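Step one of this worksheet: look at the structure below.
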Amino acid sequence: MIDAAVILVSLALLAFGGVLLRGAPYLPTLDSQARIALELLSLQPGQTLLELGSGDGKVLVLAARAGLNVVGVELNPFLVVISWLRTRRYRKRVRIIWGDFWYVQWPECDGVFTFLLERFMSRLDERMRLVQKPLASFAFKIPDRKPDAQRGGVYLYRYYGDQ
């Protein structure tokens, strides 16, 4: 009989390691970078932020505290549970979607935040050209595209109809 701990560890390794094929490993965003991203996006209370790869919910909480509505999309089921627990008190402002953000339908939003690996940034740029909303990216730039602003390792890209 297989030990329950071995099964749990195997599932955790699959959940945390498997996301590397889809976007990025779990690395918590620092509070300072999350605040910079929210400042660069310049969203107002009542507007909606979409976070692609919402991890442990830290950005979701900061955005909700700022009066934003926020939707996080996360592939890792363990992190979905952690986010759900962490954001319970902001339930009216926070929605968490368990899924692959490349395949789920993105909700209407006023801005997008992500901490994605460099190899996926061109693909994200293609998607953002369709969405036509500002994007704040922590750590990684979009190749061959100049950011509209950057500060503290966060890059802001604005998308307009003529691009």
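Of the conditions (1) within 19 Å of residue 28 (Cα to Cα); (2) surrounded by fewer than 22 Cβ atoms within 10 Å (Cβ to Cβ); (3) not polar (S, T, N, Q), residue 123 satisfies every one except a single condition; which number is it?
(1)
Just a yes or no: is a residue in the stretch 114-127 under 19 Å from residue 66 (Cα atoms) and not small (Gly, Ala, Ser)?
yes
Looking at 19, 61, which is the one that is crowded, with 17+ Cβ neighbours inside 10 Å and at pLDDT 90 or above?
On the way: 19 fails: at pLDDT 90 or above.
Of the residues listed, the single one that is crowded, with 17+ Cβ neighbours inside 10 Å and at pLDDT 90 or above is 61.
Take residue 101 and decide whether it is of a type in the set (Phe, Trp, Tyr) and either closer than 22 Å to residue 33 by Cα or surrounded by 22 or more Cβ atoms within 10 Å (Cβ to Cβ) (or both).
Against the criterion (of a type in the set (Phe, Trp, Tyr) and either closer than 22 Å to residue 33 by Cα or surrounded by 22 or more Cβ atoms within 10 Å (Cβ to Cβ) (or both)), residue 101 qualifies.
The values are calculated or read from the model by the stated rules, or taken from the named source; none is laboratory data. For clarity, every value in this text was computed on a predicted model and none was experimentally measured. Because the Cβ atoms are built from the backbone with ideal geometry, glycine has one as well, and the counts that use them run over all protein chains shown.
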